[in-house]
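Since the structure comes first, as structure tokens, the remarks are kept for the end.
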Amino acid sequence: MARRVGADSYSARWRKSAHRARIALRKSGVDYFRGDGSDWIALAGLLLTVPAIACATLVSPVWCAPSALVLPIVAGGVLLRPASLLGLYAAAALALIVESVRLGPYTEGPARVTPGTVLVVAACGLFGLLIAQFRARVGVPWRRGGTMLFDLRERIRVQSALPRLPRGWHREMALRPAGGQSFSGDFVVAARTNGHRTLEVVLTDVSGKGMDAGSRALLLSGAFGGLLGSLPPHGFLPAANGYLLRQDWDEGFATSIHLVLDLDSGDYELLSAGHLPALHLQAGSGRWREVSGEGPLLGVYDGAEFHPVKGSLGPGDVLMLFTDGLVETAERDIAEGIDRLTGEADRYVTTGFHGAAWHLIEAVAKDVNDDRALLLIRRDA
């Protein structure tokens, strides 16, 4: 009985110790891949691969060439910090020396450590060290760099989401960055204000395009999202202009159009900061007309004034806001691009413009190397 109790106690202690070790290892791994922990796990694993590759080379140099040592070196350049990387390089250099001594001079035949092998391994090590130093200088581990960019892209997408509208209204938006990238200089912020009876939408085009304008667009979208709804409608663009001026960017201007729509009556106001006019389809006549307020670019000079233009959306009417990448190219001017856009949009009158935003960008500006954004708001007939 005593021996059984002792065996059970030993087994329980062993299971508890194994459980604690497994939990500690898992936590270390999670911390490492989050970028919060030490890189000792990756260093230990790569240090073990170096002698394994060296042994395989000594056993069968034809199938496992001496240059195979670049594999842990490349992996170390991605995974390790510069200080740890130097330890891995020392182990790889020692392995090359052992292989060179055991395999003999490279003049005696193939599958030897040649000067070219040494140069390839050294070059890979140099590139890996440069990458590791760049990561250390930026302060973002490779494990978090992609996650951070993904989070930034998702924040822009969430901030650009349009709120749900009451019955009788349809809205949709399509955004296409330049060059198929994930970041765009065009963005939308929207909110329902005045007790949810008013829809406010701001479409902004930051100077530049793609990744060059993406960081500024992210900053501005957060700032504009905070201003929208916190100020009276006529105070938004002056506040946005002042915010942009305070950034003191070398290329800091932007165009913007601000829509204030009464969801009960269909009356709206448009305030523009150097932006292209909106297009209003009147269901009664079937014609598109340009609607545009007056105002300078954002971020050019202080004290700018923005004068609104008023209109009303009746049953079946459509209001379309867009950026210049949709209608302007090197081959055609803005007027020609607007004519083409309205011509394509006429095809969706009978379908109620459901799914039209994405298809209009495809039809009008599919291969344009510029950011393109299109916003549609329709009052159901």
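The values are calculated or read from the model by the stated rules, or taken from the named source; none is laboratory data. Not measured: the values here are computed from a predicted model. Heads up, the Cβs are rebuilt from the backbone with ideal geometry, glycines too, and the neighbour counts pull from every protein chain shown. Note: accessible area is taken over every heavy atom of the protein model, side chains too, but ligands, DNA and RNA are not part of it. Shrake-Rupley method; radii C 1.70, N 1.55, O 1.52, S 1.80 Å.
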Kindly report, to the nearest 10 Å², the accessible surface of D339 as traced by a 1.4 Å probe over protein heavy atoms only.
110
So how tilted is helix 334-345 from the main axis of the chain? Cα-based, degrees 0 to 90, rounded to 10.
90
Considering only protein heavy atoms, what is the solvent-accessible area of S230 at a probe of 1.4 Å, reported in Å² to the nearest 10?
90
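State in Å² the accessible area per residue of the chain; use a 1.4 Å probe, count heavy atoms of protein chains only, and round to the nearest integer.
In whole numbers, the chain has 52 Å² accessible per residue.
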Just to confirm the number: angle between the C-alpha axis of helix 115-138 and the first principal axis of the chain, 0 to 90 degrees, nearest 10?
50
Once phi is turned into θ = phi - 60°, what whole-Hz ³J(HN,Hα) does the Karplus curve with 6.51, -1.76 and 1.60 give for every residue of segment 265-281, x standing for Gly and Pro?
9, x, 6, 9, 10, 10, 10, 10, 10, x, 8, 5, x, 7, 10, 10, 8
Compare I41, I97, I257 by solvent-accessible area with a 1.4 Å probe and give them largest first, with all protein chains kept in place.
I97, I41, I257
Between 0 and 90 degrees, rounded to the nearest ten: what's the tilt of helix 142-159 against the longest Cα principal axis of the chain?
10
Given H placed on each backbone N at 1.01 Å, which residues far from W169 in sequence or on other chains put an amide H within less than 5 Å of it?
D380
How far apart, in nanometres, would the label points at T350 and C55 be if each is projected 7 angstrom from Cα along the Cα-to-Cβ direction?
7.5
Going 7 Å from the Cα of I97 along its beta-carbon direction, which residues of segment 38-80 have the amide nitrogen within less than 17 Å of the resulting point?
50-51, 54-55
Would you mind classifying the chain by shape? Square roots of the alpha carbon gyration tensor eigenvalues, ordered a ≥ b ≥ c; an a/c under 1.5 is rounded, otherwise it is prolate if a/b is larger than b/c and oblate if not.
prolate
What whole number of Å gives the distance from the Cα centroid of segment 289-364 to the Cα centroid of segment 196-252?
19
Label-point separation (nm) for A223 and H196, each offset 7 Å from Cα along Cα-to-Cβ?
3.2
Can you classify segment 249-381 as rounded, prolate or oblate using the Cα gyration tensor, where a ≥ b ≥ c are the square roots of its eigenvalues, rounded means a/c under 1.5, and otherwise it's prolate if a/b beats b/c and oblate if not?
oblate
Of W63, W14, ordered by accessible area with the largest first and a 1.4 Å probe, the sequence is W63, W14
Nothing charged except the Cβ atoms of Lys and Arg (+1) and of Asp and Glu (-1): what's the magnitude of the dipole of the chain about its Cα centre? Round to the nearest 20 debye.
3060
Running a GNM on the chain with Cα contacts under 10 Å, which residue among T350, T255, T193 ends up with the highest mean-square fluctuation?
T350
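If you rank W169, W288 by how much accessible surface each has, with a 1.4 Å probe, what is the order from largest down?
The ranking, largest first, comes out as W288, W169.
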Between H359 and L71, Cβ-based FRET efficiency (R0 51 Å, step 0.05) works out to 0.60
For a Förster distance of 22 Å, can you work out the FRET efficiency between the beta-carbons of R340 and H170, rounded to the nearest 0.05?
0.45
Under a 1.4 Å probe, counting only protein heavy atoms, F134 has an accessible area in Å², nearest 10, of 110
Mind checking the full-extension length gain between E305 and S17? Use 0.36 nm per residue of separation minus the Cα-Cα distance, one decimal, nm.
96.5 nm
Show me, for segment 54-68, the HN-Hα J-couplings you get by feeding each phi into the Karplus relation (A = 6.51, B = -1.76, C = 1.60, θ = phi - 60°), rounded to Hz, glycine and proline as x.
4, 5, 5, 5, 5, 6, 9, x, 6, 8, 10, 5, x, 5, 5
